[in-house]
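For reference, the structure discussed in these notes is given below.
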Amino acid sequence: MITYNASWIKRNVPSLESLGMLALLSVLIAAPAFLMIRLLEPGVVLPAFSMLLFSDAAIAAIVARAIHAPRNSENVTLWDIAGAFTMMGCAAAIFSEPDQVVRLFEQLVEQHPDTPL
């Protein structure tokens, strides 16, 4: 028989701060990812997604550092989210081919030929 323990639920409910941060970081990933899929050619989406994940990992790490998020906690922290973004960015970079990365940068240079490299 399963017993109901209200104190267990109160202790293990995620905080509103972590849910808000998760929602913010989800929007930071979903909106640019949708635009990448719609605007870029299919061969360059994976390298672009890798760069997006690395930049989101950097944003999460900067925010975690700025708000002095605890590094060792039983709950998921911003440091954990930054690490997850980094791991996903590494996976996307590993699965992309070098010629896809070259095509991505060629496409970016073709869109803005007047800016110096």
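Coordinate-derived values only; no laboratory data. Computed from a predicted structure; not experimentally measured. Cβ sites come from the backbone with ideal geometry, for glycine too, and all protein chains shown count toward neighbours.
Quick notes on this structure:
- Taking segment 85-101 as the range and being in contact (Cβ under 8 Å) with a residue 12 or more places away in the chain and under 11 Å from the mean Cα position of the chain (by Cα) as the test, the residues that pass are PHE85, THR86, MET88, GLY89.
A quick yes/no check of all residues on (1) among the hydrophobic types (A, V, I, L, M, F, W, C); (2) over 23 Å from ALA31 (Cα atoms):
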{"position": "SER55", "(1), (2)": "no, no"}
{"position": "ILE59", "(1), (2)": "yes, no"}
{"position": "ALA66", "(1), (2)": "yes, yes"}
{"position": "SER73", "(1), (2)": "no, yes"}
{"position": "ALA84", "(1), (2)": "yes, no"}
{"position": "MET88", "(1), (2)": "yes, no"}
{"position": "LEU108", "(1), (2)": "yes, no"}
